[in-house]
Amino acid sequence: MTRMNGTRKTESGPITRDTPLTALKGVGEKTAALFSKRGLVTVGDLLEYYPRSYDTFTAPITVDQLKEGETASCTLTIVGKGSVVHAGRYRITTFHAADVTGQIRLTWFNMPYLVKTILPGSVHVFRGRIRRYRNGSLCIEQPSIYTPAEYEKLGSTLQPRYPLTEGQRNSQLIRMMHRVLEDDTLSGDADSSLIAEYLTEQDRRELDLMSESEATCRIHFPRSEQELVRARNRKVFDEFVAFLMAVKRQKAFVKAVTNDRPMIPAAQTKRLIEALPYELTDSQRQAWSEIENDLTGPALMNRLLQGDVGSGKTILAFLALILCACNGRQGAMMAPTEVLASQHMENLVSLIRQYHLPVHPVLLTGSVKGAARRKAYEDIASGEADIILGTHALIQDRLQYHDLSLVITDEQHRFGVHQRESLAGKGAAVPVLVMSATPIPRTLSIILYGDLQVSRLTQKPKNRLPIRNLAMSMHEEGKALRFLLNETKKGRQAYIICPAIERGEDDASDLSVCGAGILPDAGEPENVTDFADKLRASIPESVSIGVLHGRMKPAQKEKVMNAFAAHELDILVSTTVIEVGIDVPNATVILILNAERFGLSQLHQLRGRVGRGAEQSYCMFLYSEQLKEKPKRLEILEHSNDGFDIAEQDLKLRGPGDLFGVRQSGEMGFRLADLCGDADILTMASDYVDRLLKEHPDAVLPMMHDLDLRSI
């Protein structure tokens, strides 16, 4: 890479956000393949790949001062040659090193080349986590290696630590980031093709925000914690602005549309409510009254149905679809996964048969192929099918609706504004109902849903037993697993959640890049791959185990989830991909490992996978044994099952702008922003967007192309 006239260039031309990483020096096919596993294909992707935490480099200590469980640095002399041994799919490289106070072992996984690069008698600073073997000897596992001079330079800095894929090294990512963000970029505005600024200088002063250029550099390479906070604040502001511009424009459009074809109340919905084997809660009755009034009234419905996990949103969606069908029109409901869409279809068909409802539903998902798909298309186009359930297949260009008059999306933050518009666009002025189990404090929902009609389900069905919760240290893992296995002996099923997919990663969620935040230094987290292998080796073969994570192909994920839903699997070891999209009433236990690495809201969503049937359910939060006391947020979850109460406590616990609290990973598509912890920035962004849209209604900002609006 060269520099000409102040513009960074590759051999093929200047660097832009769309420049492929393969155009950068040092990125070959193998390296590019590792990056692509994390969704990193272009320079723009790399710039938005934010650190998950930051290292502070304290002065090296001696071997006799090392303590198990801590991360420390030692200046050591290599004693003898290194060795490499094979252990399953791992190659473990080992060295012995010493200082004047003692000797210690150094180990690395899958880095055999070190035996040629670390020479006997050489002196290095090694920094890593201290582990103790059964014989009492200490080891530094997977340490970083520095010359004494290099380490001294790092003494006053914060160094980024990125989520890694097996085979990647953090130092490799740091070098790549430095190549893109060259030193002179740090002090001034970057090329407009790489980092675009939309705020004026006056805006930045009034809002007390960094420039876009400086924030991009300092989010990766901060010189102090204060500078990191300011860089993150700017990036969070950008995410909220892009989000709010899309949402407010959608609200303004819908608000101006009248309901030209109001429906007529249907006797079938009233009879169904009376005939159900359970009584609707007061909040369900209120929400249904609001939905029915929308559909039969003069204003076009654009309503959010917000209810905690297991609060009974689905039956209200079914009632709305039945009302639509009984008016001779079509209603469509889009679910985030094929498994959930199929479960909705099964439950709706059961209602139709039991109560002789005059409606004709059809299921349309990616796995509906051939003649069945053609028949579904024909029935939808002719109007024979009046209720259509499915996934993204419902918005395919080829699909033509006869008279689409209602659109419902389940788990609204899994579908973007554009996807909902695509579905609603298949009919003329279509009423929209979006459903979400994401608990959002009232103070924030005023901003997010200020002009949107909101119905809240605040009660649980009377036949649901409250989930029993327990937070415990990871050293009690055996006790928790014995309880879990005892439940499977009773014919129940269980989830085990790990924060990483494989060894070497340290990522609180594989749904999105973890945001910048200094996580508790609690060691390497449990990963799905190794934990599933360990579990299989220690439990009876009669107990069937499945594995699920976000890097599996969609068809593989659907197959595993279907198998679990059909009770072909007893235990599902998974990352947070099961947060939504699967409803298994027979699952009564969820065990969340390294629970300290997740935020309150996400832990509550995960807990919602159980407690969906009549049997007593249990949730166990296991936190790292390196933590000296139980995290406060786990105490909150132990004592409350109320998502809205938890959301309010989350806001109070962390406070606005708390950089170092564990964020709600992936919430509504944000990379860094946290609706609770960043409430003050959300308010500031909302005021800015209101002013901007008033002055420039058609404004389009650079980062609106970068934010994943599909998740809004």
Residues to consider are Asp397, Asp379; find the one that is at pLDDT below 90, over 30 Å from Thr576 (Cβ atoms), acidic (Asp, Glu) and surrounded by fewer than 22 Cβ atoms within 10 Å (Cβ to Cβ). Asp397
Among the residues of region 339-391, which ones are assigned to a loop (DSSP other than H, G, I, E, B), out of contact with any strand residue (DSSP E or B) (no Cβ under 7 Å at 6 or more places or on another chain) and within 30 Å of Lys553 (Cα to Cα)? Gly366, Ser367, Val368, Lys369
Restricting to region 674-683, what's the tally of residues that are part of a loop (DSSP other than H, G, I, E, B) and acidic (Asp, Glu)? 2
Here's a check for you: in region 495-521, which residue that is touching a Phe, Trp or Tyr at 6+ places or on another chain (Cβ under 9 Å) and modelled with pLDDT of 50 or more is most open to solvent (accessible area, probe 1.4 Å)? Arg503
For residues that are on the phi < 0 side of the Ramachandran plot and under 37 Å from the mean Cα position of the chain (by Cα), scanning just region 86-104, find the one that is modelled with the lowest pLDDT. Arg89
Of all residues in region 49-98 being touching a Leu at 6+ places or on another chain (Cβ under 9 Å) and of a type in the set (Asp, Glu), which is farthest from Gly167 (Cα to Cα)? Glu68
Residues located in region 242-271, provided they are open to solvent by 10 Å² or more (accessible area, probe 1.4 Å), part of a helix (DSSP H, G or I) and at pLDDT below 90: Ala246, Val247, Lys248, Arg249, Gln250, Lys251, Ala252, Phe253, Val254, Lys255
Of all residues in region 59-89, how many are closer than 15 Å to Val125 by Cα and of a type in the set (Gly, Ala, Ser)? 3
Go through (1) part of a strand (DSSP E or B); (2) touching a Gly at 6+ places or on another chain (Cβ under 7 Å); (3) open to solvent by 30 Å² or more (accessible area, probe 1.4 Å) and name the single condition Leu34 misses. (1)
For region 297-338, which positions are over 17 Å from Ala385 (Cα atoms), assigned to a strand (DSSP E or B) and either open to solvent by 10 Å² or more (accessible area, probe 1.4 Å) or touching a His at 6+ places or on another chain (Cβ under 8 Å) (or both)? Ala299, Asn302, Arg303
Restricting to region 47-105, what's the tally of residues that are charged (D, E, K, R) and either open to solvent by less than 40 Å² (accessible area, probe 1.4 Å) or assigned to a strand (DSSP E or B) (or both)? 7
Just the residues that are buried (at least 18 other Cβ atoms within 10 Å of the Cβ) and under 13 Å from Ile78 (Cβ atoms), please, taken from region 115-144. Ile118, His124, Val125, Phe126, Ile140, Pro143
Could you grab me the full set of residues in region 684-712 that are part of a loop (DSSP other than H, G, I, E, B) and either at pLDDT 85 or above or under 23 Å from Arg205 (Cβ atoms) (or both)? His696, Ala699, Leu701
Of the residues Glu239, Glu274, Glu292, which single one is modelled with pLDDT of 85 or more, surrounded by fewer than 19 Cβ atoms within 10 Å (Cβ to Cβ) and on the phi < 0 side of the Ramachandran plot? Glu274
Only listed residue being closer than 25 Å to Leu158 by Cα, part of a helix (DSSP H, G or I) and open to solvent by 20 Å² or more (accessible area, probe 1.4 Å), chosen from Arg230, Arg223, Arg205, Arg234: Arg230
Check region 99-114 and report whether any residue there is more than 30 Å from Ile501 (Cβ to Cβ) and without any contact (Cβ under 8 Å) to a residue 24 or more places away in the chain. no
For Ser538, only one of the following conditions fails: (1) more than 25 Å from His604 (Cα to Cα); (2) at pLDDT 90 or above. What is its number? (2)
Taking the condition in contact with a Leu (Cβ under 8 Å, 6 or more places away or on another chain), open to solvent by less than 20 Å² (accessible area, probe 1.4 Å) and assigned to a loop (DSSP other than H, G, I, E, B), does Ser283 pass? no
Given (1) within 24 Å of the chain's Cα centre (by Cα); (2) at pLDDT 90 or above; (3) farther than 24 Å from Ala565 by Cβ, Gly546 misses just (3)
Could you check region 634-648 and list, in sequence order, the residues that are open to solvent by less than 20 Å² (accessible area, probe 1.4 Å) and either without any contact (Cβ under 8 Å) to a residue 24 or more places away in the chain or under 15 Å from Lys460 (Cα atoms) (or both)? Ser640, Gly643
For region 182-202, which residues satisfy the criterion of being at pLDDT 85 or above and open to solvent by less than 80 Å² (accessible area, probe 1.4 Å)? Glu197, Tyr198, Leu199, Thr200
Go through (1) under 30 Å from Leu357 (Cα atoms); (2) modelled with pLDDT of 90 or more one by one and return the number of the condition Leu228 breaks. (1)
Restricting the search to region 465-495, which residues are of a type in the set (D, E, K, R), part of a loop (DSSP other than H, G, I, E, B) and touching a residue at least 60 places away in the same chain (Cβ under 8 Å)? Arg492
Just to be sure before I move on: is Thr157 within 28 Å of Phe221 (Cα to Cα), β-branched (Val, Ile, Thr) and either in contact with a Gly (Cβ under 7 Å, 6 or more places away or on another chain) or in contact (Cβ under 8 Å) with a residue 60 or more places away in the chain (or both) in the structure I sent? yes
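The values are calculated or read from the model by the stated rules, or taken from the named source; none is laboratory data. For clarity, every value in this text was computed on a predicted model and none was experimentally measured. Cβ: placed from backbone, ideal geometry, glycine included. Neighbour counts: every protein chain shown. Areas reflect the complete protein model, heavy atoms only, side chains present, ligands, DNA and RNA absent. Shrake-Rupley method; radii C 1.70, N 1.55, O 1.52, S 1.80 Å.
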